[in-house]
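J.: There's a structure below that I have some questions on.
The values are calculated or read from the model by the stated rules, or taken from the named source; none is laboratory data. For clarity, every value in this text was computed on a predicted model and none was experimentally measured. As a convention, Cβ positions derive from the backbone with ideal geometry for all residues, glycine included, and neighbour counts pool all protein chains shown. Heads up: the accessible areas ignore ligands, DNA and RNA and are worked out on the full protein's heavy atoms, side chains in. Shrake-Rupley method; radii C 1.70, N 1.55, O 1.52, S 1.80 Å.
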Amino acid sequence: MITTILSIILLIIFTLLGFIHFYWLFGGKWGLENVIPTKDNKSIPLSIPKFATLVVALVLVLFGLIYLVKSGITNIQVPNWVTNYVYWVIPSIFILRAIGDFKYVGLFKKIKNTEFAIADSKWFIPLCLMIGIFGMLIQLLNK
């Protein structure tokens, strides 16, 4: 039961994150100023190619669909390699994201006073840790 609830939570999170990326892809500006790392608040953020935003949006929605299958709400059969590897890879990606690159993002970032760094500490790191922990719990409780 707990794995179903956690899977539904991850489905919702990934779907919302995917839709936010689609929103940005189609020209939305809300939240955009805080999601791209900069060296300082005066620096112009990197220009992210639309193709990269599309890929991230699609991958996030795919992750949501993967957890929809895991929830048991749908009766779709998945190959064994998905249950053996993908359900471990997804939370690992987000735990690694929370740890960061040791410069701009994550728990051990060196640049800490930019708008992105503050948003990273307040929102992105906790969200990534939650996703990672929930994903790991799902796998460990399903053994």
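J.: Only helical DSSP H runs with n ≥ 4 go in: add -39500 (n - 2.57) per run for the chain, normalise by residue count and round the 222 nm mean residue ellipticity to 500 deg cm²/dmol.
T.: It comes out at -19000 deg cm²/dmol, rounded to the nearest 500.
J.: Find how much the distance from residue 40 to residue 96 grows on full extension, using 0.36 nm per residue of separation minus their present alpha carbon separation; answer in nm with one decimal.
T.: 17.8 nm
J.: From the phi of every residue in the range 72-78, what ³J(HN,Hα) in whole Hz does the Karplus formula 6.51 cos²θ - 1.76 cosθ + 1.60 yield, where θ is phi - 60° and glycine or proline is x?
T.: Working through the residues one at a time gives x, 5, 10, 10, 7, 8, 10 Hz.
J.: Using 0.36 nm times the number of residues separating residue 12 and residue 86, minus their current alpha carbon distance, what extension gain do you get?
T.: 24.8 nm
J.: Using a 1.4 angstrom probe and counting only protein chains, how large is the accessible area of residue 3 in Å², to 10?
T.: 20
J.: Using the charge dipole of the chain (Lys, Arg: +1 at Cβ; Asp, Glu: -1 at Cβ; taken about the Cα centre), state which of 3, 75, 119 has its Cα farthest towards the positive end.
T.: Farthest towards the positive pole: 119.
J.: Spin-label point model (7 Å from Cα, Cβ direction): what's the residue 65 to residue 1 distance in nm?
T.: With each label point 7 Å from Cα toward Cβ, the separation is 3.1 nm.
J.: If you don't mind, there's one more thing I want to ask. Enter the Cα centre distance for the pair the range 30-54 and the range 92-143, rounded to the nearest angstrom.
T.: Each part's Cα centre sits 18 Å from the other's.
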